[in-house]
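The values are calculated or read from the model by the stated rules, or taken from the named source; none is laboratory data. Bear in mind that the values here come from a model prediction, so they are computed numbers and not experimental data. Cβ: placed from backbone, ideal geometry, glycine included. Neighbour counts: every protein chain shown. Areas reflect the complete protein model, heavy atoms only, side chains present, ligands, DNA and RNA absent. Shrake-Rupley method; radii C 1.70, N 1.55, O 1.52, S 1.80 Å.
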Amino acid sequence: MTTSPGADSPLPAESPADPDERTEVRAAVRQAVSVSIATGLYGISFGALSVVAGLTLPQTMVLSLLMFSGGSQFALLGVVASGGTSAAAVTTAGLLGLRNTLYGAQLSPLLALHGWRRVLAAHVTIDESTAVATAQRSKAAFRAGFWWTGIGIFVVWNLLTLVGALAGDAMGDPKAWGLDAAAGAAFLALLWPRLASRVMQLTAALAVVVAVVLLPFVPPGVPVLAAAAAAIVIGQVARQPRQPITVTQYVPDGAAHPSPTASPEAPPATAGPTDPAAPVDPANPPDPAAPPDPTTTTDRTEES
């Protein structure tokens, strides 16, 4: 029996009525599926490296299912494999995971979720789900991109983590498979179309410089946070409205400066054809039957 998305589904219940919006939703789903496959394949590397580092199969799967943040998972493995303490491993993974807080602040107003859906959305708020969602133009495509990417990566990543953990040493060096490059290539493909404006290009360049400069000197996770902070600063500065340009009238030296509050002078009144003070052209005398000029009539009334 098939059921349509309803109140118990994390996916949006309403279907877009606009044909253009439906096209955008389908494009977002295709993008999410491709990113899910490219990123999820890297889970094989995590599963194999986790077993090599000394974690058991249950420990590997619990770590992957509950933490579900690739960068944090690999950072924790790196500390464990080098003989570091549990506190150091948790701290390092936590620093990398802080970036998801920034993602949540950006996604929450558009997702507008409550209850268990909010908890589920927080768990699948990662780099890729945020990137796919924010690349969309409509709200329906935004939600479809977020849910399909987040849940898709969660399923593929954990399934292939299990495969990698079961294979273990039989896979050899996971880096030789080039799976780490697949996730980076998918993320770059999402980022590239958004670098059309000069502001976005400057933001990306500054973020790269900040991350590369800090990388040798600070713990893992800090360069990512610093790069994100630099991008936020540029975004706020670029969003500020420009001050209007005022044109000042040029007044020669020594000339009287007009008062800014003075009202413009009225043009001198010109004598109308029915004004008795106006000179009469003998060749073209006024018509006695013509109605009087309302302007001169008003002036004479005020004088009397």
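Observations on the model:
- Single residue of Tyr42, Tyr103 found to be open to solvent by 10 Å² or more (accessible area, probe 1.4 Å), of a type outside the set (Val, Ile, Thr) and without any contact (Cβ under 8 Å) to a residue 40 or more places away in the chain: Tyr103
- Yes/no for Ala170 being at pLDDT below 90, part of a helix (DSSP H, G or I) and either open to solvent by less than 50 Å² (accessible area, probe 1.4 Å) or under 26 Å from Pro58 (Cα atoms) (or both): yes
- Residue tally, condition under 26 Å from the mean Cα position of the chain (by Cα), open to solvent by less than 30 Å² (accessible area, probe 1.4 Å) and not β-branched (Val, Ile, Thr), over segment 150-166: 3
This table checks each residue for (1) part of a loop (DSSP other than H, G, I, E, B); (2) over 24 Å from Leu162 (Cα atoms); (3) modelled with pLDDT of 90 or more; (4) within 28 Å of the chain's Cα centre (by Cα).
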| residue | (1), (2), (3), (4) |
| --- | --- |
| Val35 | no, no, yes, yes |
| Gly84 | yes, yes, no, no |
| Thr101 | no, yes, no, yes |
| Arg118 | no, yes, yes, yes |
